[in-house]
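Below: one structure, written as structure tokens.
Throughout, read-outs are computed from the coordinates displayed, never taken from laboratory work. Nothing here was measured: the structure is a model prediction, and the numbers come from that model. Positions of Cβ are generated from backbone atoms using ideal geometry, with glycine treated the same way; all protein chains shown enter the neighbour counts.
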Amino acid sequence: MPSRFVVPQFIEEENKIFLSVTTRQFLIVIIAVVVEIIVFRISTSAFIVSIFIFFAPALVLAFVRINGQPFHLFLLNIIQSFKRPNLRVWNKNISLDEIKFQLEREKNAQRKPIEKLAFKARPVSSRLIELALIVDTGGMYKGE
């Protein structure tokens, strides 16, 4: 009897801490709150500004999903697409030796006579049924 393995399921799903908050979301919010507390202790006016500069983007990174992807993956995809060139040009300089080789190969291909291809006769339907039975039984049925 073949051994059986447990196949993990839901590997794309993140672990939840409570309700629908994942570990990643929880850590992002905790770090943002700690930074905001530190800024509040330093200056109240800087606290109000840092909410818009730091806390709001942290909440967006934690909870916003675009096309089913977390926002940080969406940002990475945007950055990668801006790094790639819009126009791709293949500029290959072909040497004279490569041109001669290609022409010689084409001449040799034209000189060879066309050989007739041998075709196998199609199996009759009873043979197909027997082969299907062998495959379905995993080789236990040997055939006649």
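For region 1-140, the residue among T137, L96, S43 whose Cα projects farthest onto the positive side of the dipole built from Cβ charges is L96.
Quick check on the chain: helices-only [θ] at 222 nm, where DSSP H runs of length 4 and up contribute -39,500 (n - 2.57) each and the sum goes over total residues. Nearest 500, please.
Calculated from helices alone, the mean residue ellipticity at 222 nm is -16500 deg cm²/dmol.
What's the whole-number percent of alpha carbon pairs in region 16-83 lying beyond 19 angstrom? In whole percent, the share of Cα-Cα pairs in region 16-83 beyond 19 Å is 44. Taking trypsin sites (Lys or Arg not before Pro) as exposed when DSSP calls them loop and at most 15 other C-beta atoms lie within 10 angstrom, the chain has its longest site-free stretch at 5-87.
Note: relative contact order over the chain, using C-alpha pairs below 8 Å and six or more positions apart, is 11 percent. In the chain, taking the dipole from charged Cβ atoms about the Cα centre, the farthest positive-side position among P57, S20, F5 is held by F5. When only the Cβ of Lys, Arg, Asp and Glu is charged (+1, +1, -1, -1), the dipole of the chain relative to its Cα centre reaches about 620 debye.
For the chain, list the DSSP H helices whose alpha carbon atoms reach 24 Å or more along the long axis and whose average Kyte-Doolittle value is 1.6 or above? Span-like helices in the chain: 23-42.
Expressed in units of 2.2 N^0.38 Å, where N is the residue count, the Cα radius of gyration of the chain is 2.26.
Only lysine pairs 8 or more places apart or on separate chains count here, and in the chain those with Cα atoms under 29 Å apart total 7. Residues whose amide H comes within less than 5 Å of that of I17, counting only those at least five positions distant or on another chain, are T22, T23 (H built at 1.01 Å from N in the peptide plane). Exposed loop sites here mean chymotrypsin sites (Phe, Trp or Tyr not before Pro) with a DSSP loop assignment and at most 15 other beta-carbon atoms within 10 Å; the chain contains its longest site-free run at 11-89.
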